[in-house]
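Q: Attaching a single structure in structure tokens format; questions to follow.
The values are calculated or read from the model by the stated rules, or taken from the named source; none is laboratory data. No experiment lies behind these values; they were computed from the predicted model shown. For neighbour counting, all protein chains shown are included, and Cβ atoms are generated from backbone atoms with ideal geometry for every residue, glycine included. All accessible areas refer to the heavy atoms of the entire protein, side chains included, with ligands and DNA or RNA removed. Shrake-Rupley method; radii C 1.70, N 1.55, O 1.52, S 1.80 Å.
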Amino acid sequence: MAQVVGTSLPSNNLHTYQTGRAGSPLNPITRPVFSASLHTGTERTKAHLANLDKLLRKEPSPVPRSSNNRPIEPVSNPGQQPGVLGLLDGFSLARIWPDEVAAEMSPRRLTRLQQLLLSKQPEHSPRNHLGARWREYHGSRDWAGLLDPLDENLRREVVRYGEFVQAAYQSFYSDPATTKAGIRAHREVQLPDRFYTATKSLYATSSIGLPKWVDDVAPDLGWMTQRSSWVGYVAVCNDEREIARMGRRDIVIALRGTATCLEWAENVRDILIPMQDDSDSDSTSEGPPKVECGFLSLFRTPGEHVPSLAESVTEEVKRLMELYKGETLSITVTGHSLGAALSLLVADEISTCAPDVPPVAVFSFGGPRVGNRAFATRINDTNVKVLRIVNNQDLITRVPGMFVSEELDKKLRANTQVSGVLNMLDNMPWAYSHVGSELRVDTKMSPYLKPDADVACCHDLEAYLHLVDGFFASNCPFRPNAKRSLLKLLSEQGSNVKKLYTSKTKTLTLKIERDGEHKQRRPLKGNKIYSF
């Protein structure tokens, strides 16, 4: 359940570009590789067709009118032969070139593709003033009326929180080892939003371990078998203008996905267990709340040199609440994959950690199921708002538990004859249920990604942000004014991008390579690197 990187494109006469992104043994940098030589015949044909298509596009002439403002009918001459313009008017590219390809080969589309590929830093939807509506965007009404079609302000918020998770991935891969000295040292996090400051490192610890001889055999990969690993951070908005724009001071808790061997081992411990030792103390009408054994282990287990994730995040939230006492606050928990699962446990924990806890919302990307229906009821009762961003082709969002969608489950439970059987199954060890509202995107809606993209691409966080940025409504195509750069998507999922677009990037390779070298020498404008 980690962010998996795709493979690169094979080619001859290789040209590559750099992205300036740090690699690691677990997360190697894969760069799309493009051929420098073009298929001249085919390319020239397509170029001629595109230019001809552009030539044929013309504005309609105004209809001539008489003195009494009535339209003048054209005089027809049956014996007149059509001229050159008449022949051109009857000419259609669709007769010799498929409609879809002709549209994607249009000069307007290629110009926009060049802009998306060569943008030096990520673009976003307009940063509008949220003001009095911030609670609505934070989920006070479960995002009713904002998801389909997707509100532009909510789109920007979702993408922005996803980039906080990307910063967690980047910080972990740049320094994955966890030692006593490393925990006490400062850790750098390059935040995507310059208005926020990182205040706390978060660690997750596995309750299981591997034999010591594993480290002896592969000492260089000790970080893969360590029990405690850096999993995310807490950040707070400290810019007065941004606080005024958002309508409150926002506290963000960002959590990455699976990265180490022991985290993978915890993922497969998918038996539901009670959240509390005394399971009757907080039972609901569906029984005691239960969550996946492995997720709960990573959340509650303390490390040799660090407290548990539950303890760390609770202490930091209490500290920030006291520090900014009297101000309007919000708490936003965001995560991808395993981080999405831990986000629910974090939100549940902090929602009751103190009196008058600020509104808590969860924005999760590609998250698996975490608990049973009683756990979902518990989340709703504590007024935690959850927005799950789900890709139709992402298999991780359908596990663990029965391989059935939530829509089908609701339909079956509406049938009185079937609902009784399902209620009995709720007591089974694998009776999982999703929590909260859902924003569903689809890989097939992207004009750039292949409709049969592999599992890694469908679960990739950058692919998620690309799909959210282009999503307008479930019954509408990918929005043509999507602003997110394709550079990172090409670098991580180049094998899943349509060949039509990878071939067009051949002419841009030199410019992209030059931009990549510039990014390595100089951080992106507006980003800050924090140590804590």
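Q: Calculate what fraction, in whole %, of the accessible area of the stretch 264-404 sits on carbon and sulfur atoms when a 1.4 Å probe is rolled over the protein chains.
A: Working: 2580 of 5220 Å².
Accessible surface attributable to carbon and sulfur in the stretch 264-404 totals 49 percent.
Q: What distance in nm separates the simple spin-label points at Ser140 and Ser437, each placed 7 Å from Cα in the Cβ direction?
A: The modelled label-to-label distance comes out at 1.3 nm.
Q: Calculated FRET efficiency, Thr352 and Ala185, Cβ-Cβ r, R0 25 Å, to nearest 0.05? Walk me through the numbers before you get to the answer.
A: Details: r = 33 Å, r/R0 = 1.32.
So, using R0 = 25 Å, E works out to roughly 0.15.
Q: Suppose R0 equals 30 Å. What FRET efficiency, 1/(1 + (r/R0)^6) with r the Cβ-Cβ distance, do Glu152 and Leu500 give to the nearest 0.05? Let's see the in-between values first.
A: Numbers: r = 28 Å, r/R0 = 0.94.
E between Glu152 and Leu500, to the nearest 0.05, is 0.60.
Q: Still on this structure: Could you give the length gained on full extension between His305 and Cys293, defined as 0.36 nm per residue of separation minus the Cα-Cα distance, in nm? Before the final figure, lay out each step's value.
A: Values: separation 12, 0.36 × 12 = 4.32 nm, distance 2.28 nm.
Full extension of this stretch gives 2.0 nm more.
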